[in-house]
Amino acid sequence: MTAFEKLCDIVAKLRAPGGCPWDREQTHDSLLPALIEEAYEVAGAVRAKDTANFREELGDLLLLIVMHAEIACESNRFDIHGVLMDVTEKLIRRHPHVFGSSDARDSGAVLKQWESIKRAEKTGKHYLGGLPDALPALVRAQKVQSKVARVNFDWTELRDVIAKVEEEIQELRQAIESWHRLPANTPRVGSMYHDVEDEVGDLLFAVVNLARKCKLDAESTLQAATDKFVARFNRLEDELNTRGKKLGDVDLAEMDAIWDKIKKGARY
């Protein structure tokens, strides 16, 4: 028995009568939060370059995939062998430059070929129709932009993307100014509020596109920026503690002064 077959056998026994009560109670829906969480933990291990944790998290993710397949098998929908067969056939079908006669060699040509094969497989659907709505917003935005770029719907110059970001900032500024010009007793809801919301969304989308054109992953880039902010804020809190002060009891001016020193690399 291979290691994978052993894993599948263990999961089947956990789900069988007399197995683990918790595992037997699980459904596709109940396991979804864990599936998403494990995928993020895999990403976290990759970013941390933690080899041991990466290996462990891949195992946890694989366990959930096998569990989902086992649950499907119990209702005669499909089993793990069908999952493996489908993905194997898909890999062969979408790599004719490796398993067939296609002459695509560079990564750009391969990606365009992949998209062409996918479109042929999913006849009757829009080009962007196959993107999951449940993807995190930054990931989904970048995937949309990458896909349309493969069919030449993309700026060729980085300066044009920067100009679009600047345009969206200006449109957001105008929407906010219009919102603030409303009489004081006007509820801050309705179409004017949605104009601001719409422009913020456009700006975020444009910034994601700027990250993509700079060969950056928007999700990872924002994660790194958030990590940097958290680290600096922790140092700010530590400095306040050394002064005998607490967060919430200090005005912004003092915190800003500490923050500026932290940004400049000053030591306390």
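Figures for the structure shown
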| quantity | calculated |
| --- | --- |
| Carbon + sulfur, % of accessible area of the chain - ligands and nucleic acids excluded, 1.4 Å | 58 |
| Calculated from backbone phi, Karplus (6.51, -1.76, 1.60) coupling profile of region 23-29 in Hz, x at Gly/Pro | 4, 5, 7, 6, 10, 4, 5 |
| Charged-residue dipole, Cβ positions (Lys, Arg, Asp, Glu), the chain about Cα centre, Debye nearest 20 | 720 |
| Stretch gain in nm, segment ALA48-THR88, where the contour uses 0.36 nm per residue and the Cα spacing is subtracted | 11.4 nm |
| Alpha carbon convex hull of the chain, volume per residue in cubic angstrom | 272 |
| Computed [θ] at 222 nm, helices only, for the chain once each DSSP H run of length n ≥ 4 contributes -39500 (n - 2.57) | -24000 deg cm²/dmol |
| Exceeding the 23 Å Cα-Cα cut-off - candidates LYS147/LYS213; LYS112/LYS164; LYS90/LYS125; LYS118/LYS143 | LYS112/LYS164 |
| Heavy-atom accessible area ranking, 1.4 Å probe, most first, across LEU14, LEU252 | LEU252, LEU14 |
| For region 1-87: accessible area per residue (Å², 1.4 Å) | 67 |
| Volume of the Cα convex hull of region 25-144, divided per residue and given in Å³ | 164 |
| Residue-normalised accessible area of region 88-172, given per residue in Å² at a 1.4 Å probe | 68 |
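The values are calculated or read from the model by the stated rules, or taken from the named source; none is laboratory data. Small disclaimer: the values here were computed from a predicted structure and weren't measured. Positions of Cβ are generated from backbone atoms using ideal geometry, with glycine treated the same way; all protein chains shown enter the neighbour counts. Accessible surface areas use protein heavy atoms only, side chains included; no ligands, DNA or RNA. Shrake-Rupley method; radii C 1.70, N 1.55, O 1.52, S 1.80 Å.
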